[in-house]
Structures are given as C-alpha cells and as structure tokens.
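The values are calculated or read from the model by the stated rules, or taken from the named source; none is laboratory data. All values derive from a computational prediction rather than experimental measurement. With ideal geometry, Cβ positions are generated from the backbone for all residues, glycine too; neighbour counts draw on all protein chains shown.
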Amino acid sequence: MLIWVIRRDLLLAMRRQADVLTTLFFFVIVVSLFPLGIGPEMNILRIMAPGVVWVAALLASMLSLGRMFSNDYLDGTLEQILLSPTSLSVLVLGKMFAHWLITGVPLVLMAPVLGIQYDLPSSALIVLALSLLIGTPILSLIGGIGAALTLGLRGGGVLVSLLVLPLYIPVLIFGAGAVEASTAGLGVDAHFSLLGAFLLVSLVLAPWATAASLRVSME
Amino acid sequence: MLQGNNLECVRGDRVLFSGINFSIKPGELMQVRGPNGSGKTSLLRMLCGLAVPNSGKVSWNGANIRSISEEYCGVITYLGHMSGIKDELTAIENLRIASALSGVEVDEKRACEALHQMGLIERENLFTKLLSQGQKRRVSLARLLLVRTQLWILDEPLTALDVSAIELMKNILERYLAQGGMVVLTTHQEIDVSAAVTHQLYLS
C-alpha cells in the first residue's frame, strides 16, 4: 500500500516536472547569488557557506510544502486516502517519503557542486552533503504537519512558513554546525548524532501528528 | 447493518437537519433527497466517518463507527462529489491506484475489463485530462466493479452521465443489491432502482 502511494506521487511528479524543477532551481539560484553579491572574498565565503546552503535548503523545501496535500485535497483523492483501510499514518509517511525523494534528494546531490563556489574543501563538501542527507527528510516530515494544518486555508502558504520555520531551527543549527565543525577541523560525530536523533523522533511523531491534522482539516 | 441514531448537523448557527434516524440492512437501498443545501453531502460524509455528527451516532453492526474506523473503512466505498481522478494519470493508472487505496490490488487486465464494462473502450491509456466529465465519472465508478465492499455511499454518482451510462449504473446497483449489498445514494436524477426495501429520506 505504501509502495502505491510512493509510486503514485513519483509518477505525478514525473508528469509535472515544472514543480520539481522550480524547487531545485530556487535552491541553485539562492545559493549562487551570495558569491556574486559578496565577490571573491574566499575567507568570508568559506565561513558563510554552511549557513547559506542550509537556509536555502530550508526555504526550497518549504516552497514545495503547499503541494504535499493540496492537490489531493482539491480533487478528492485525500478523502479516499482518509477512507483507506490502511492506517492513515502509514500512507502519510509514504507521501512524506515521496516528497523527500522529489525535493530533498536533488538538493543533497546538488549541494556539493554549489559548495565549490564557496571554496569549501572536499572534506567539508562531503560533510555538507551528508548533513543534508540526514536533515532534509526531517524537513519533509515536520513540513508535512504544517502542510496538513494549513490545508484549505486562505493564505496557507504564509502561515505554513510561520508554523514550520521555527521548528526547522534545530535542524539548521546542527546541520550547518556539522559543516562548520568540519572546516574548523573538529569532529562532526556529535552534530550527526543529534541530527540522527531529530530524524528518528520526527519519523515517529510527524506521520501521526500529520494524520491527526488531516482528519481535523477534512471535517 | 448501518444505523443512524438521532443525527444532527449544524453549519454556523443554522441547523441543517436533526433527529435523523434510519437503519439499512443487506440488500436495502436508501435514497437521500432534498433541495440544494439541505445537507445531503454532509449526511453522507457523516455516514462514512469523514465528518462527526453534532449529536447522535452512526453505527455499523451495533458499534459506533468512530471506534472501529479502520475496520469500517474496509467495508465501505465512498464516491464523493469530487471524483478523485488525477488529470495527469491515465484511466488505468487512476483506477488501479484508487483500488489499491481501497485495499484491493488489481492488475492491468482486470482494471481494463472494468473500464470496458463501464463503456470506456480504447480510452484506457489516455490521460484523463483528455476525457470528458462523463468519461471521468465512469472511471471513478469503475472502482465499484473492482472493490468488493458491503456498503456503497454514493454522492451524486449520476452527474454528467449520459442515458446509457445511467442505465448501466442502474443495472450495477441492482446486481449489487441482489447480492446483499447496501447502498446509500443521493441523486437529483430520477433513477428507478429495484431493491428488496427502498428507504426514502427527505431533508428539507
């Protein structure tokens, strides 16, 4: 059942490629603007890099949150998902996983390439990609709660950013922190452990909270 | 057996309906009638558990559907106003995914047969955005042929259908009722479905 939901969302994303590419290009452009604006000050760029890439990733991931449930809500598929005999949390987890595959994975793959503009050493580039690999699923998971709560509301897009961005802060701090630690020559284990812990906690709680929010939004 | 006890629906400060009681046994049909805005869709959403009644309860074989929600979802099929059809998917993909969500996995051949039965021939692999409203409706109705549940809750299933499709739908409903299915139906069209017992529920 989970497979069907994931397959369906991926199939839809393949057929609406503009949606997927918008997120990726937004990320690429925001990250590229900073080196252009600041100029070739390598030392400043190297210090800024982790924060800029991570903030751009947060915003890019948030940009696509509105679509996680709204299309299904508008055409009535969400009613069918709610009435499915399979547990709603499981189906929601499938949708979140699909959202991560569509919006998170391209960011992870693109980040090391963009990091070169900031003159990051290769070890830091690897840490950057790894931190995004652990961090972006958390963004999809937590974002799902916001998307479900603001479903069908006017101005939901602004509201979702107010709801979700504060919850993204810990991920930002430890994600960017890992890269900073690596450039400073310190160990990154602690940062990764904390990110991993966030991932596990949100993996357990977010589908359940999202399912509950969806039921409320649909009444 | 589906039972409604003293159901009430309030929208804002207006009471749409109250004191609705009914019970439907296998093989029985309930037609819900009433003018626009009288709460037909609200009642149907209550019956399938999407909405909570302001008072009263809906029970399935004696148990409140709120307490057995997953089990209850396995025995009902709800077709709402919105068809749940994705424009970017083909008719077959739509049907297979909708059936899978209802807990029945069907292969391509089986889905194709169901679409043929609904009169969609050589349209199986077209994107549904290229189909007419009536054809889209046929795609969503085809799910009824694949998913074997005990209760169908159909909200305006005949909208946009032509005369031959309405006749087809009548036959499908009659066959299902004869096999012991239960149907709750709203429609503005006249449809003369013969059932063991037909309840009429008027909302005003």
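Summary table below
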read-out: Verdict on residue B:79 being at pLDDT 90 or above, buried (at least 20 other Cβ atoms within 10 Å of the Cβ), more than 12 Å from chain A (Cβ to nearest Cβ) and farther than 16 Å from residue A:8 by Cβ; value: no
read-out: Meets criteria (within 11 Å of chain A (Cβ to nearest Cβ), more than 18 Å from the chain's Cα centre (by Cα) and under 24 Å from residue B:134 (Cβ atoms)) for residue B:90; value: yes
read-out: Selection within the stretch A:60-78 - at the interface with chain B (Cβ under 7 Å from one of its Cβ atoms), of a type outside the set (Asp, Glu) and part of a helix (DSSP H, G or I); value: A:77
read-out: Hits in the stretch A:7-24 - residues which are closer than 10 Å to residue A:102 by Cβ, within 11 Å of chain B (Cβ to nearest Cβ) and of a type in the set (A, V, I, L, M, F, W, C); value: A:12, A:13, A:14
read-out: Given (1) of a type in the set (Val, Ile, Thr); (2) at pLDDT below 90; (3) within 17 Å of the chain's Cα centre (by Cα); (4) within 17 Å of residue A:76 (Cα to Cα), number of the condition residue B:147 does not satisfy; value: (4)
read-out: The lone exception for residue A:81 - which of (1) in a helix (DSSP H, G or I); (2) away from chain B (no Cβ under 14 Å) it fails; value: (2)
read-out: Failed item in (1) more than 30 Å from residue B:58 (Cα to Cα); (2) under 19 Å from the mean Cα position of the chain (by Cα); (3) within 12 Å of chain A (Cβ to nearest Cβ), with residue B:106 passing the rest; value: (2)
read-out: Matching residues in the stretch A:175-194 - criterion: being within 18 Å of residue A:107 (Cβ to Cβ) and free of Cβ contacts under 8 Å to residues at least 12 places away in the same chain; value: none
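Condition check ((1) part of a helix (DSSP H, G or I); (2) of a type outside the set (A, V, I, L, M, F, W, C)) across all residues:
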{"site": "B:50", "(1), (2)": "no, no"}
{"site": "B:58", "(1), (2)": "no, no"}
{"site": "B:78", "(1), (2)": "no, yes"}
{"site": "B:87", "(1), (2)": "no, yes"}
{"site": "B:110", "(1), (2)": "yes, yes"}
{"site": "B:120", "(1), (2)": "no, no"}
{"site": "B:137", "(1), (2)": "yes, yes"}
